[in-house]
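The values are calculated or read from the model by the stated rules, or taken from the named source; none is laboratory data. Note that the coordinates shown come from a computational prediction; the quantities given were computed from them, not determined experimentally. Cβ atoms come from the backbone with ideal geometry, glycine included; neighbour counts cover every protein chain shown. These area figures cover heavy atoms from the full protein model, side chains too; ligands, DNA and RNA do not enter into them. Shrake-Rupley method; radii C 1.70, N 1.55, O 1.52, S 1.80 Å.
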Amino acid sequence: MSTPARATLTTRAKRYAARRAMEWLTGYMRRDPDQAVKTILSWGTRLAIMEVHRRQIEDIAETLRRNPAMMEFVRRLALEVHPNQHRGVVFNWFVNNILFGVPAQHALAAKLGHGIPNFILVDPTEACNLRCAGCWAGEYAQHHTMDFDLLDRIVTEAKDLGIYWIVMSGGEPLVYKRLFDLFAKHQDVAFMAFTNGTLIDDRVADRILEVGNFVPCFSLEGFRQSTDARRGPGVFDKISAAMDRLKERKLIFGTSVTITRHNVEEITSDAFIDWLIGKGAFFGWSFHYIPIGRDPDVNLMVTPEQREYLVWRVREIRTTKPYLMADFWNDGYLTLGCIAGGRRYFHITASGDVEPCAFAHFSVDNIKDKSLREVLGNPLFRAYQKRQPFNSNYLLPCPIIDNPQALREIVAESGAHPTHPGAETVLQDPIASHLDDVSHRWAERAALIQQRLEERARARGAAPTPAASPSVARAACVATAPEGCTACAEHGEEEDERVAVAHGGET
């Protein structure tokens with residue numbers, strides 16, 4: 001038997017063993033989640049091959065012990081989720097995409113000399129049944145829809161690269177007629193989609209339960225008045241009803257909120273977060289408004305003061321609510337800066353244009369003309385990766401709103417073209433001048449916040465809490481940076497405190 005064939009059989013055997021183990025563990029979790037978690041983490045500590053993984057597992061155990069909200073979140077996953085999604089979403093994301101996928105991604109990245117992403121954002125269609133004000137994708141041509149064969153090829157080639165997590169946007173993904181055919185064909189992949197939720201009726205909810213490997217994320221701006229003001233009358237009530245359908249079927253779902261200076265307090269309020277948890281939401285993605293797409297308006301951007309509020313408030317939510325909330329622009333310390341440009345993710349439009357980010361509408365390649373592996377080495381992505389991280393302060397990760405000169409240099413250097421009329425306005429005045437000003441003001445404030453984070457880390461001394469643990473920082477390196485972490489490599493195992501400080505002292 002050839003070496004490749006032997007490796008394939010070995011991988012299949014490992015996946016089979018992992019699936020059987022996961023089935024047993026999820027059954028155990030449903031019977032006694034608290035004891036099951038202790039057992040799983042104990043096994044993980046003993047079986048971990050790498051020291052960094054053993055320490056990461058120990059940190060997770062300590063975090064669960066210190067953070068009752070996180071333990072309650074684990075109980076929710078165990079008791080409030082249908083077995084179909086334990087077998088589909090949970091297994092595919094944790095085992096296929098993380099346990100098996102991440103090492104494969106890093107090995108290939110080292111071989112090729114550029115990043116291999118952990119997930120891909122794909123637009124099956126640009127068609128949408130709504131016309132939301134300020135939509136980030138609102139200026140793409142509305143008639144583009146990706147051929148099923150092309151979409152299928154993207155997912156197939158992604159798996160060959162070790163990528164088993166595909167995220168979808170649009171347009172409205174649920175408009176795409178063969179979406180569930182894709183989910184059914186690739187049962188080993190975890191799929192997620194940002195959706196307006198208005199098309200999730202009982203029939204669609206039943207199909208989500210049937211395929212088991214798909215998680216919808218509802219896009220909204222807050223309660224009824226805020227959501228309907230942007231998305232149209234009655235949309236909030238349709239979203240609420242769709243959430244009820246999914247909760248009744250014990251299905252995982254999340255939310256996606258666009259933070260503006262007008263809704264920043266509403267969507268982070270106890271009332272709103274508690275409402276989401278009560279409806280059955282498990283997690284939420286929060287996106288700061290970026291002046292791109294349909295009718296860009298810099299006056300909708302959060303102020304530096306509001307952004308600082310988010311730094312502390314999101315951390316508070318994660319330690320007091322059984323709900324995982326991510327803040328892409330303030331959570332740079334978890335990902336070691338910007339993850340775009342193919343480093344850990346990139347975007348493919350419905351027309352096939354390959355963009356570095358959902359918010360950076362520039363391209364040099366089209367997936368219709370090249371393989372996935374080929375486009376990942378393109379000049380635009382390489383220009384991104386050689387500059388990442390864009391700032392030594394991970395509170396300033398973004399090349400659009402935090403380091404705007406970087407995006408201008410990248411586009412000029414790579415020869416990238418706008419993927420729709422008006423995309424270039426983010427590089428030009430008056431928007432460019434505004435971004436320069438707000439990024440400068442945020443940089444000053446972020447420097448002070450970073451000092452506070454460093455002081456917190458140092459105050460923990462020789463026994464840092466899990467939030468400041470250097471092994472979590474190193475684990476983030478393993479999970480997000482093929483090239484490894486400069487801080488960890490430079491300071492070494494013996495200087496744990498300095499490593500923690502280099503990562504902001506938080507997790």
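Suppose the filter is open to solvent by less than 10 Å² (accessible area, probe 1.4 Å), at pLDDT below 95 and within 27 Å of THR303 (Cβ to Cβ); does LEU435 pass it? For LEU435, the condition - open to solvent by less than 10 Å² (accessible area, probe 1.4 Å), at pLDDT below 95 and within 27 Å of THR303 (Cβ to Cβ) - is not met.
Look at (1) open to solvent by 40 Å² or more (accessible area, probe 1.4 Å); (2) within 27 Å of the chain's Cα centre (by Cα); (3) modelled with pLDDT of 95 or more and you find that LEU407 fails only one, number (1). ILE239 fulfils the conditions (1) closer than 21 Å to THR125 by Cα; (2) open to solvent by 50 Å² or more (accessible area, probe 1.4 Å) except for a single criterion, (2). Checking each residue of the range 286-298 against the condition of being under 23 Å from PRO397 (Cα atoms), among the aromatic types (Phe, Trp, Tyr) and within 22 Å of the chain's Cα centre (by Cα) gives at least one match. Every residue in the range 216-260 that is aromatic (Phe, Trp, Tyr) and either assigned to a loop (DSSP other than H, G, I, E, B) or free of Cβ contacts under 8 Å to residues at least 24 places away in the same chain (or both), please. Scanning the range 216-260 gives PHE223, PHE236, PHE253.
At least 3 residues being over 24 Å from ALA17 (Cα atoms) is the threshold, and among the helices (runs of 4 or more DSSP H) wholly inside the range 33-103 those reaching it are 51-66, 68-79.
Here ALA271, ALA350, ALA326, ALA281 are screened, and the one residue that is closer than 22 Å to VAL167 by Cβ, open to solvent by 20 Å² or more (accessible area, probe 1.4 Å) and among the small types (Gly, Ala, Ser) is ALA326. Say we look at the range 370-396 and pick out the residues that are open to solvent by less than 10 Å² (accessible area, probe 1.4 Å) and assigned to a loop (DSSP other than H, G, I, E, B); which of these is nearest to ALA423 (Cα to Cα)? So, considering only residues that are open to solvent by less than 10 Å² (accessible area, probe 1.4 Å) and assigned to a loop (DSSP other than H, G, I, E, B), the one nearest to ALA423 (Cα to Cα) is ASN378.
Collect the residues in the range 259-268 that are over 14 Å from MET325 (Cβ atoms) and polar (S, T, N, Q), keeping them in residue-number order. Answer for the range 259-268, where residues must be over 14 Å from MET325 (Cβ atoms) and polar (S, T, N, Q): THR260, ASN263.
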